[in-house]
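See structure below.
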Amino acid sequence: MIDFIDYLLGGISSGAIIALMALALVLVWRSTRVVNFAQLGQAMFTTYIALTVRELTGSWFLGLIIAMAAGLVVGVIVHFLVIRPVKRLDTSGAIIATFGVLIALEALAAMVWGGDPEAFPPPINNSGYEAFGRIWPFSPYDLLVLASVVFLVLALSVVFTRTNVGLAMRASAFNPEVARLSGVRVNRMLALGWAIAGLVGAVAGVLVAPLSTLSPTSFDIFLVFAFTAAVIGGLDSLVGAVAFGIGTGLVIALVSGYSDSSNAPLVALVLLVLNLLFKPEGVFSHHKARAV
Amino acid sequence: MLRIDALSVNYGAVEALKNVSLDVPPGRVTAVIGANGAGKSTLMRTLAGLEKPLAGRGLFNDEDITGSKPEDIVRMGIALVPEGRSTIPDLTVEENLKLGGMWRTHAQRATSLTRVYALFPVLGERRHLRADTLSGGERQQLAIGRALMTGPQALLLDEPSLGLAPLIVTQILELVEHMARDSGLAVLLVEQNAATALRVAKTGIVLNLGEIVKSGPAREIAQDEELRHAYLGY
């Protein structure tokens, strides 16, 4: 029993980070109906930027802020330079193009920062809290991760539900034609969706880096988990992405704890298949069915 | 106010509109009637900037609007209520309304919102409910309300009667007619339901296979037996 609790506690922060990554995928899907397989490539790239800033200034926080700004910019660049031109021709082409962006970003990162894994130490203590005479697998850093994710998700939900720009973004996602007829500049809203996704991905990248190491391909595995969470959540539901992101993190922690962490991607795949078999439209989706 | 000058539009290989010219003056309802496929919706969508014309122009207060984007045309003061009660079901009633005219000042939008709730009290009562909980007639009111939120000088209504009970259609159209008269709004109404449309309209225009076959005072058109049999099917 105590193992079970340990595994769950250990999975909370990675679950929260997967939730952010899934959220980034959903934000892009909602705005342009494209699954952005380069999302974590962008996050890897901005995390390298954070690492560089941190090495130059010694400030983790400044690194995070710069990475967030870079995430915004990279999201907009990818949208305007790659997705919009390709999507004008063919939607599935745009999805393939995101793979191209991923490969290009990984190659570029290897050229700039080298291919070897780099340490990205946590800014605060990452050893577990002590209580009731034992050490629990939940550290001050985990708490920082959790607090950051909660803050970001709350901030996003305020933007989406309480502001004009959030309303315009939601309307552009649900019905671009009605939004345009109401006077919303829909193309800007789509670009903004990519920008915010880039920012959210950048935060996820900086937060996840201390849990392993940073290399051009070290985030690839998280794409599997985030994609699983986003799809099960319904791909266009922000709530679904967060709920199933955390859920996926916990399941992975249990699988890794009771068997071996190398089984985690397999379990994610099984979850994805089960979802597509029994509830292909996703749990929180607005739409009735989705072709698979 | 709104003038359409020799407009031709192709829909793929089909000539949807052929050399259509008409005037939409302020303060009254102008009705374009015709059977399904006459080109009525194409006319509306082209005016709103959703379709590109092959030839001809749309003029609004003597300004050429041809080729402008929908989001710019609505900002100039032409609002389209598209066919099929185009509300967004996932948003609340008030969110659907607030979507209209976001570029306007806070005060202008507040005034418009009060006015829309006064015109359609049921929307005020349901303002926090999701739009998909509304009945068909309420959703049509919501769609018109959203167009009014943009502060239009010209209102384009595409087939508002579709799927609604006749009594509700009459109520909504009479409201629109009053509004046009009171506030100088230019209303272009496109309808298959010719009898109802001609009752509120001042001018009637009969469209058949993309061409205007007759235009004149609405009352005369309504009484023209031959026209009715040939093009309007009642």
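So the values come out like this:
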quantity	calculated
Region B:96-119: number of residues that are in a helix (DSSP H, G or I), free of Cβ contacts under 8 Å to residues at least 12 places away in the same chain and within 14 Å of chain A (Cβ to nearest Cβ)	2
Complete set of residues in region B:26-35 that are out of contact with any helix residue (DSSP H, G or I) (no Cβ under 7 Å at 6 or more places or on another chain) and crowded, with 17+ Cβ neighbours inside 10 Å	B:T30
Any helices (runs of 4 or more DSSP H) falling wholly within region A:169-250 and containing at least 2 residues that are within 14 Å of chain B (Cβ to nearest Cβ) and surrounded by 20 or more Cβ atoms within 10 Å (Cβ to Cβ)	A:176-181, A:186-208
B:A110 more than 19 Å from the chain's Cα centre (by Cα) and more than 21 Å from B:D23 (Cα to Cα)	yes
Failed item, numbered, when A:V159 is tested on (1) part of a helix (DSSP H, G or I); (2) surrounded by 20 or more Cβ atoms within 10 Å (Cβ to Cβ)	(2)
Within region B:5-20, tally of residues that are touching a Ser or Thr at 6+ places or on another chain (Cβ under 6 Å) and either surrounded by 21 or more Cβ atoms within 10 Å (Cβ to Cβ) or of a type in the set (A, V, I, L, M) (or both)	4
Residue match in region B:57-76 (condition: closer than 18 Å to B:G204 by Cβ, at pLDDT 90 or above and either within 14 Å of another protein chain (Cβ to nearest Cβ) or part of a loop (DSSP other than H, G, I, E, B) (or both))	no
B:G37 being over 14 Å from the mean Cα position of the chain (by Cα), part of a loop (DSSP other than H, G, I, E, B) and more than 14 Å from chain A (Cβ to nearest Cβ)	yes
Residues located in region B:33-66, provided they are without any contact (Cβ under 8 Å) to a residue 60 or more places away in the chain, in contact with a Pro (Cβ under 8 Å, 6 or more places away or on another chain) and small (G, A, S)	B:G49
Region A:118-137: number of residues that are over 16 Å from A:L207 (Cα atoms) and either exposed (fewer than 12 other Cβ atoms within 10 Å of the Cβ) or under 23 Å from the mean Cα position of the chain (by Cα) (or both)	5
Failed criterion for A:L154 (all others in (1) in contact with a Ser or Thr (Cβ under 7 Å, 6 or more places away or on another chain); (2) away from every other protein chain (no Cβ under 14 Å) hold)	(1)
Residue check, B:T87 out of contact with any Pro (no Cβ under 7 Å at 6 or more places or on another chain) and facing another protein chain (nearest Cβ under 8 Å)	yes
Strands (runs of 3 or more DSSP E) lying entirely in region B:120-234 (those with 2 or more residues that are more than 14 Å from chain A (Cβ to nearest Cβ))	B:186-191, B:203-208, B:211-217
B:V93, sole failed condition from (1) free of Cβ contacts under 8 Å to residues at least 60 places away in the same chain; (2) within 10 Å of another protein chain (Cβ to nearest Cβ)	(2)
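Let's see how each residue does on (1) among the polar types (S, T, N, Q); (2) within 21 Å of B:L2 (Cα to Cα); (3) surrounded by 15 or more Cβ atoms within 10 Å (Cβ to Cβ):
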position	(1), (2), (3)
B:L123	no, no, yes
B:R139	no, no, yes
B:R146	no, yes, yes
B:A154	no, yes, yes
B:T170	yes, no, yes
B:V176	no, yes, yes
B:V190	no, yes, yes
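The values are calculated or read from the model by the stated rules, or taken from the named source; none is laboratory data. Values in this document were obtained by computation on a predicted structure and should not be read as measured data. All Cβ positions, even for glycine, are placed from backbone atoms using ideal geometry, and neighbour counts span all protein chains on display.
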